[in-house]
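I have placed the structure first, in the form of structure tokens, so that the comments after it can refer back to it.
The values are calculated or read from the model by the stated rules, or taken from the named source; none is laboratory data. Since the structure is predicted, the reported quantities are computational estimates derived from the model, not experimental observations. Here the Cβ positions follow ideal geometry from the backbone for every residue, glycine too, while neighbour counts run over all protein chains shown.
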Amino acid sequence: MPLPLSYNLKNLTVRKTTTVMTALGIGLTVAVLLGILALVGGLEKSLQATGHPLHLLVMRKNSLSELVSQVTREAVSSIRNKPGIQQLEGEPMVSPEIVTVINLPRHNSPEGANVNIRGLSPMGIRMRSNLKLMEGRWFQPGQREVVVGKSISRRYVNAGVGDRLRFGRGDWSVVGVLDAGSTAFDSEIWVGLNQLATDSNRMEVLSSVLVRASDPVSLQALQNALADDQRLYLEGKREVDYYQEQTASAEPVKFLGIFVAVIMAVGSCFAAMNTMYAAVARRSREIGTLRVLGFSGGSILLAFVIESLLLSLLGGLIGVLLVLPLHGLESGIGNNLTFSETGFDFRLSPAIVALGVGFASIMGLLGGLLPARGAARESILSALREL
Amino acid sequence: MVNDLVVEATDLHKEFQRDAFQVIALQDVQLTIQRGEFVAFMGPSGSGKSTLLYLIAAIDRPTRGRVEVLGRDILQLKERAVADWRNENIGFIFQTFNLIPVLTARENVELPLLLTHLSRQERAEHAATALGLVGLSDRMDHYPRQLSGGQEQRVAIARAIVSDPSIILADEPTGDLDAQSAQEILTILSRLNRDHGKTILMVTHDPHAARHASKIRYLEKGQLLPEGSPQPE
């Protein structure tokens, strides 16, 4: 029979300072890991949720992003006539778009960051049916008006309704704020297609064309037709896949974060090990006594492993508490495909919390196993004779 | 009368290495203890008294020889079995009490019972009874640091008797106590022997403590002197 849990808990509370310091070390490690995972989770959520399953994003072949893609107006006309495109009030659901990048000052960073400007027609807005205006109204065609994503509105200077943004050939009035449901569009500024084409001198060459297929089979057929049309030199990519691929921009951060967390975890393991070795040394006579009372070496091993696990769980809890204020915090990360910043909310999901606690437990287990094994294997006599 | 033999040691020999030296702790000891005896082992430091106690409790193993306790050859038992055997049959009292500091008196006394099939309530009742026997019913929820040395040793005695073992081994039980506390402990041990029939083997330096035993055996340089031998100079 194992020793009662109260024995472990009381031993941890008796040496409060050591317990708290070790748990804090483990907690910081867990916090680093959870912080990174919350960042990656938020970014992935933002990008993965973007796009409609029947949307095909048409770009120049081999273009990694809309920003570097070129599609002529002539090609747009050709795409409109392809079969399998869904109709809306007699109009094919096709949205030619221009995407460009400007630098805007942020509230906490005057040097600013790159932001995507998307020029699109009213059809383009209607095709994104899951977004809504939080505030203000849509831009009027022919007017120098913009609607900003909610992430832009919160994080950038002069990006609220009634403010004026300066880019291109002059000032633009912010007339609305867009809520795109925490998708990548929350990090964009939308303007009228022709207004942006004029302003950026891109009357003939657009960036991409968004097409909604009638059904999944038509989507595949459209994709094949575009790939086969050598004259257009375009390719269609499912919109959801396009944004999914952009999650790769978080990979270096994720790798670095996990790398740092693993290095810290090794240190934390040694801290836990040191604490548990000290506990074993200090309680050597106690261990000997328990053995004399009839507790087996296995019971002693289990007791110290449980104690180490409790210590690490406390660390895990501290880690979760440390990182909890980040949950829902808005931030942005540079996207190396679009050369602009993608806004996201730190997301601390139950799975991420469970991962952090599991990570802490592994540290506790690894840190506690060797000292516990030493305690269990020590002869009763030498344990009793330790001072 | 064969059943009354609780300890039978034959040619018990213990040597160990200390640095570069081979130390003989016990030399071919022959010993028999009858049920219900209260035997005190006396002798100078290093004479092998405690070693003998540890061998009888199967805490240590002899270099050679044989120990039968309660008719069982304890050297044949595997580690797990010897732990169970010790829990059932041996109560051990240490000079330094060896209570678990983070547990209350009741929790300390309950420890050996965790290895039995008793329910939580039965364990609590047994612990309360044992603490009552040593006169500490009013100190059950005290931690060792809140008790005097004498009270701590009484808790240790309660822990030693709580699982109702046949044999109580006491290694200098009064060594760390003042005269009054020592007398209380010796009175309790005598009562356990007389009223409850416990076989008690006690190691002591103190001739006054030894007088409470029904028999005194002397050890000198690892040798058990014949019964009735006078105390060596």
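Points to keep in mind about this one:
- Filter pass, A:Met127 being in contact (Cβ under 8 Å) with a residue 40 or more places away in the chain, farther than 19 Å from A:Thr342 by Cβ and among the hydrophobic types (A, V, I, L, M, F, W, C): yes
- Residue within region A:201-216 that is away from chain B (no Cβ under 14 Å), at pLDDT 90 or above and either closer than 30 Å to A:Gly27 by Cα or over 31 Å from the mean Cα position of the chain (by Cα) (or both) present: yes
Conditions tested, residue by residue: (1) surrounded by 13 or more Cβ atoms within 10 Å (Cβ to Cβ); (2) at pLDDT 90 or above; (3) closer than 12 Å to A:Val191 by Cα.
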{"residue": "A:Pro83", "(1), (2), (3)": "no, yes, no"}
{"residue": "A:Pro110", "(1), (2), (3)": "no, no, no"}
{"residue": "A:Trp138", "(1), (2), (3)": "yes, yes, yes"}
{"residue": "A:Val147", "(1), (2), (3)": "yes, yes, yes"}
{"residue": "A:Ser151", "(1), (2), (3)": "yes, no, no"}
{"residue": "A:Gly160", "(1), (2), (3)": "yes, yes, no"}
{"residue": "A:Arg169", "(1), (2), (3)": "no, no, no"}
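- Spans of helices (runs of 4 or more DSSP H) in region A:1-81 with at least 1 residues away from chain B (no Cβ under 14 Å) and at pLDDT 85 or above: A:16-48, A:73-80
- Looking at region A:147-239, the strands (runs of 3 or more DSSP E) lying wholly inside it that each contain 2 or more residues that are under 29 Å from A:Ile79 (Cβ atoms) sit at A:170-179, A:188-192, A:208-212, A:234-238.
- Residue among A:Gly319, A:Gly343 that alone is crowded, with 18+ Cβ neighbours inside 10 Å and in a helix (DSSP H, G or I): A:Gly319
- Only one of the listed residues (A:Asn224, A:Asn194) is in the same structural domain as A:Val76 (by TED's automatic domain parsing), surrounded by fewer than 19 Cβ atoms within 10 Å (Cβ to Cβ) and over 15 Å from A:Ile98 (Cβ atoms). That residue is A:Asn224.
- Residue that is surrounded by the most Cβ atoms within 10 Å (Cβ to Cβ) [pool: residues in region B:101-132 that are at the interface with chain A (Cβ under 10 Å from one of its Cβ atoms) and touching a Ser or Thr at 6+ places or on another chain (Cβ under 7 Å)]: B:Pro112
- Test: residue in region A:361-371 that is assigned to a helix (DSSP H, G or I), within 14 Å of chain B (Cβ to nearest Cβ) and touching a residue at least 40 places away in the same chain (Cβ under 8 Å): no
- Of the strands (runs of 3 or more DSSP E) contained entirely in region B:163-227, those carrying at least 3 residues that are crowded, with 16+ Cβ neighbours inside 10 Å and among the β-branched types (Val, Ile, Thr) fall at B:199-203.
- Residue in region A:287-299 that is buried (at least 19 other Cβ atoms within 10 Å of the Cβ) and either within 30 Å of A:Lys61 (Cβ to Cβ) or away from chain B (no Cβ under 14 Å) (or both) present: no
- Top-ranked residue in region B:42-80 [being assigned to a helix (DSSP H, G or I) and more than 10 Å from chain A (Cβ to nearest Cβ); ranked as surrounded by the fewest Cβ atoms within 10 Å (Cβ to Cβ)]: B:Gln76
- Criterion violated by A:Leu355 - all others in (1) under 26 Å from B:Leu114 (Cα atoms); (2) more than 14 Å from chain B (Cβ to nearest Cβ); (3) not small (Gly, Ala, Ser) satisfied: (1)
- Matching residues, region A:279-299, being among the β-branched types (Val, Ile, Thr) and within 16 Å of A:Leu365 (Cβ to Cβ): A:Val280
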